[in-house]
Amino acid sequence: MAKAEFKIKGIEALKQRLAEKKQAVDNVLSTEFSELGEKAVVYSKENKGYKDRTANLKNSISFAVFKDGKLINTVIGQIPEPDKASGGQEQVQSALDGYAAKPGVVAPTGYTIIVVAGMNYGKYVEDKGYNVLYLTRGFLRDGIKGILQEVLELIKEK
């Protein structure tokens, strides 16, 4: 008959090591998702498919990162001509806050990254067939895949 023995003192060491790994993963995710948000804003601006008349739409693009439903990072786009936009600069913040407040957008657990265009006519421009944020979806998807690969490598490290 086989006999198995367990050393109880090893459990505390294991708990400590798992807690350290979890903290390392959280640090990487928080940092990388914030960097991805910034890159997504740049990507969106560089891949716009419309004639840029005032630069308000492109510069209104903003992002936010949430962890367990709580905001951990945000960058609000600054429009260059707020006096030419109904709602001015305030509508940029309102667009991000309003989208984040919609049911189901921000996950109650885990990480959420959102990117929005803060001008109320952004959807109209995209509905006309011009890119505002549509291509950013793929960019974010690829970026998240890369981040998850990095986290898997971190977890595998001894």
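Peptide packing for 81-88, 42-49, 16-23 was compared via the average number of neighbouring C-beta atoms within 10 Å per residue; ordered from the highest value, the list is 42-49, 81-88, 16-23. Compute the acute angle (0 to 90°) between the alpha-carbon long axis of helix 134-156 and the principal axis of greatest extent of the alpha-carbon atoms of the chain; round to the nearest 10°. Between the helix axis and the principal axis of the chain, the angle is about 20 degrees.
Residues of the chain: accessible area per residue at 1.4 Å, in Å²? If you can, show how the numbers build up before the last one.
Numbers: 10470 Å² over 158 residues.
Counting only protein heavy atoms, the per-residue value for the chain is 66 Å².
Cα axis of helix 9-46 to longest principal axis of the chain: angle in degrees, 0 to 90, nearest 10? Result, in degrees: 20.
Rolling a 1.4 angstrom probe over region 88-149 with all protein chains present gives an accessible area of which 58% lies on carbon and sulfur atoms.
Relative to the dominant Cα principal axis of the chain, helix 90-101 is inclined by about 40°.
The values are calculated or read from the model by the stated rules, or taken from the named source; none is laboratory data. All values derive from a computational prediction rather than experimental measurement. Heads up, the Cβs are rebuilt from the backbone with ideal geometry, glycines too, and the neighbour counts pull from every protein chain shown. In case anyone asks, the SASA skips ligands and DNA or RNA and just uses the protein heavy atoms, side chains included. Shrake-Rupley method; radii C 1.70, N 1.55, O 1.52, S 1.80 Å.
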